[in-house]
Amino acid sequence: MIVNQFLLSVLAAYILIARIFTDSPDPKDVRCYVDLAINNAGIDVHGSFDTSDIAIVLTGSYGRPDSIHGVLYPRGIYTGISIRDQHLMRPDYFDVEKFPVIRVHSRKIDCISNNRFVGVFDLTIKGITSTITIPFHCTRTTQALTYHARFAINRLDFSLGEPSAILDNTVQIAVKIHIDV
Amino acid sequence: MYTVKSAVNALGVIVTLVLLYAFTTTRHEVPRVWNVQELIKSHLPPPDTTVDITFAPAEYYYALPEHVIYKTYPVYAREFEPKGYIDSLRKLKPEQVFDPSQIKTKQDWIRAGQIVFNWPVAYTLVTDSVSAVRAKDFEGSSARLTAQGVYAFNQYILNNDGKLLRGSLSCASCHTQITKNGNLIEGAQGNLFNNARFADAVRSGKVPFAAIADGTRRLYFTPWAPANHKMIADSPEEFASALMAAGAGVAHRQGGSYIYPLKVPSLFGIKDIRYLDHTGLMKHNSMADLMRYAALNQGMDMLTSYNGFIPGGKNENTTLPAVAEWSHPFGYAAKRYSDEQLYALAHYIYSLTPPENPNRASRELLTRGEFVFKKEGCITCHTPPLYTNNKLTPASGFEPRPGDVAQYDIFNVSVGTDSVSTLYTRRGTGYYKVPSLRNVWMQQAFLHNGNIATLEDLFNPARITRTSNRIKGHPFGLTLTDADKRALITFLKSL
């Protein structure tokens, strides 16, 4: 209950990043985007979450995160077909009534080269936690810092839907965290 | 002179004949149709879990006399009827045409099944010498005569008493289509029944309104429906208007609603379909399930207790009538099909194949249409090769019960179509099944109430917002460009 209240207050205040940077400019605006793609009968179906559905906490120095913690509200998914979006809320998919949030917590983050990282994360969907390795990198301009990540999950590992002759099991996920400075 | 070689040759011939006989005369074990335990297992419960549905016991069912199936004769519209035709029929002798002892092979069962398919179960005495059906009654009607002027909804029968009867309500009465060219196609979405003739008979009092009121009550009353759900007509005009509002390909079948008729389904490929009825009323895992469904639909549902209401019952619909007392409001004889007749019927229905699809289109247009079909997500529910995922979707306002997901094939999203038929009728389950799109090119009615006549209207966004004849639900393909819509419809009509 206390954790949920904390998360809700974060979202309600639209605070998308609270972090401690040393020797870094203060962020002016932070936006996070998550896009999904899954192959359905030979065609990629895309879903996306708006920045308002996501809360992210990074710690560490500017451009060198020590930890990343995120919360995503699957209720905000948009696939372009409203009935499909509604279906994804239901118990056979995200079951948002019982599991309103998706969580991601880093276990460790290693810098493998300039601006390139590998993180080991605990990803929790529908109460099922799986440890995944996600490579990511950052790009910088004078006004912004952006983290990019691409990875894939098997939806059946998280009990999202059932085996299907036409719907692929692999979901491609692209994450972008954009920080204006 | 008898030689060893001759003996071997003779033996070879005998063995060949025996093998030929064995391969062509597969041993058929006719399932016992009225098995109440099996009925309960395959029959989905109504949406209200407090409702009790009790089927007539097997002893009662098997005490009902069986149909004796005679040869039938076509009913012509008067303008096409050969001179003296009806009087000539009266001179004939009744001829029984279903004899299980003569059925040896699978093809025999199929041929016998076609006879059962066309056997009417409701009869009225023919007193005239010319047809009561007139071709002019079909002008402006959605119903059709065949090219030979036959009204295929009815058949003439000579029964064992030598009486000439006009029969109706065979399976063929609903599940037969007459094409624009007047060709008859058994198994297709039916368009035979001339609503206008019946509506006129109701309006004129030829069919007494008391019979209509009692009939609609028996046919449509649903004990668990809310008080504001209309189930019984108040006046002849009201009932006649409801009849006239229904277009082609739609039927006001018993257990439904006179205001919410149901689309007549195609029977082609039904062997692959996992649930029968628009509401998924019965699971279809075997031929025996289809046989039971046919038995229910051709009378036994009128002898089923729905929370104590027996539609065909006596004592204010509370008691099963004695066998001799049972009658249907519109003239059913109190009979049942024999198990062999239903077995033959199921063979025939399984054997039905559609006519060749006459629609032609360029490969480019079909490819584009298939792409749109996939992109719009149609393929998720209408999955090839059956173009259905064979699942049930909950109606708006219905939540699947906790055990339903494990027990039935639920695709847990509502497409928002009208929910009355599955929530407030005796056929209701809370669900609608995802229909197959195979042979959709032959359809004249879409969605479960059949209130959309064309695919063009199905994908017309205005149908959801227009002030008259607003039809909600199934909001797919409503934002397509004209080119994509045309491609999608072309693709669908190729299935």
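Read-outs: derived from the displayed coordinates by stated rules, not from any lab. Just so it is clear, the structure is predicted and the values come from calculations on it, not from any experiment. Quick reminder, even Gly has a Cβ in these numbers, built from the backbone with ideal geometry, and neighbours come from all protein chains shown.
Remarks
- Based on alpha-carbon atoms, the Kirkwood radius and the radius of gyration of region B:47-163 give Rg/Rh equal to 1.08.
- P(r) histogram, all alpha-carbon pairs of chain B included - 20 Å bins from 0, percent: 21, 55, 21, 3, 0
- Alpha-carbon Rg with Dmax, taken over region B:32-74, Å: 15.5, 47
- By the count of other C-beta atoms within 10 Å, a proxy for reagent exposure, B:244, B:287, B:282 are ordered fewest to most as B:244, B:287, B:282.
- The alpha-carbon of residue A:126 sits under 17 angstrom from the alpha-carbons of these aspartates and glutamates, leaving out residues fewer than 8 places away in its chain: A:53, A:85, A:92, A:95, A:97, A:157, A:162.
- Two-decimal Rg/Rh across the protein assembly as shown, once Rg and the Kirkwood Rh are taken from alpha-carbon atoms: 1.09
- For the pair region B:54-98 / region B:202-226, the C-alpha centres are spaced 26 Å from each other.
- Proxy reagent accessibility, fewest Cβ within 10 Å first, across B:72, B:353: B:353, B:72
- Within region B:50-116, the ratio Rg/Rh, alpha carbon atoms throughout and Rh by Kirkwood, equals 1.17.
- Shielding by partners - mean other protein chain Cβ count within 10 Å, residues of A:78-90: 4
- Here the ratio of the Cα radius of gyration of region B:111-150 to 2.2 N^0.38 Å is 1.52.
- Full extension of the segment from residue B:183 to residue B:136, taken as 0.36 nm per residue of separation minus the current Cα-Cα distance, would add 15.0 nm.
- Residue by residue along B:372-385, Cβ atoms of other protein chains within 10 Å of the local Cβ number 4 on average.
- For the listed residue pairs B:71/B:335; B:374/B:485; B:180/B:485; B:314/B:433; B:314/B:335, the alpha carbons are over 22 angstrom apart in B:180/B:485; B:314/B:433.
- Cβ-placed point charges (K, R +1; D, E -1), dipole of the protein assembly as shown about Cα centre in debye, nearest 20: 1040 debye
- The phi-based Karplus calculation (6.51 cos²θ - 1.76 cosθ + 1.60; θ = phi - 60°) puts the 3J(HN,Hα) values of region B:101-111 at 5, 8, 9, 10, 10, 4, 4, 4, 4, 5, 5 Hz, whole numbers, x for Gly and Pro.
- With K and R counted +1 and D and E -1, the other residues having a Cβ less than 13 Å from that of residue B:118 yield a net charge of +1.
- Distant alpha-carbon pairs in region B:408-468 (separation over 14 angstrom), percent: 66 percent
- Distance between the pseudo-spin-label points of residue B:87 and residue B:106 (7 Å out from Cα toward the beta carbon): 4.9 nm.
- Cα-based Rg / Dmax (Å) for region B:98-183: 15.2, 47
- Cα centroid separation, region A:32-90 to region B:293-364: 51 Å.
- Straight-line cross-link partners of residue A:108 among the aspartates and glutamates, defined as a Cα under 19 Å from its Cα and at least 8 positions apart when in the same chain: A:66, A:122.
- Residues of type lysines that residue B:41 reaches as a straight line, Cα spacing below 16 Å, ignoring anything fewer than 8 places off in the same chain: B:283
- Around residue B:173: net Lys/Arg minus Asp/Glu count, Cβ-Cβ under 13 Å: +1
- Dividing the helix sum by the residues of the protein assembly as shown, where each DSSP H run of 4 or more adds -39500 (n - 2.57), gives a mean residue ellipticity at 222 nm of -7500 deg cm²/dmol.
- Computed magnitude of the charge dipole of chain B (debye, nearest 20; Cβ of K, R +1, Cβ of D, E -1): 880 debye
- P(r) of region B:142-243 over all Cα-Cα pairs, binned every 5 Å from zero, in whole percent: 2, 12, 16, 16, 17, 17, 12, 5, 2, 0
- Net charge in the neighbourhood of residue B:58 (other residues with Cβ under 13 Å of its Cβ; Lys, Arg +1, Asp, Glu -1) is 0.
- Alpha-carbon centroids, region B:467-495 and region A:102-181: separation in whole Å: 38 Å
- Translational diffusion coefficient (Stokes-Einstein; Kirkwood radius from C-alpha pairs) of region B:287-358 at 10 °C, 1.306 mPa s, in µm²/s: 114 µm²/s
- Going from the residue with the fewest nearby Cβ atoms within 10 Å to the one with the most, B:448, A:69 rank A:69, B:448.
- For q = 0.10 Å⁻¹, Debye-computed log10 I/I(0) when each Cα of region B:354-482 counts as one equal scatterer: -0.37
- Amide N of region B:351-373 lying under 16 Å from the label point, which is placed 7 angstrom from the Cα of residue A:39 along Cα→Cβ: none
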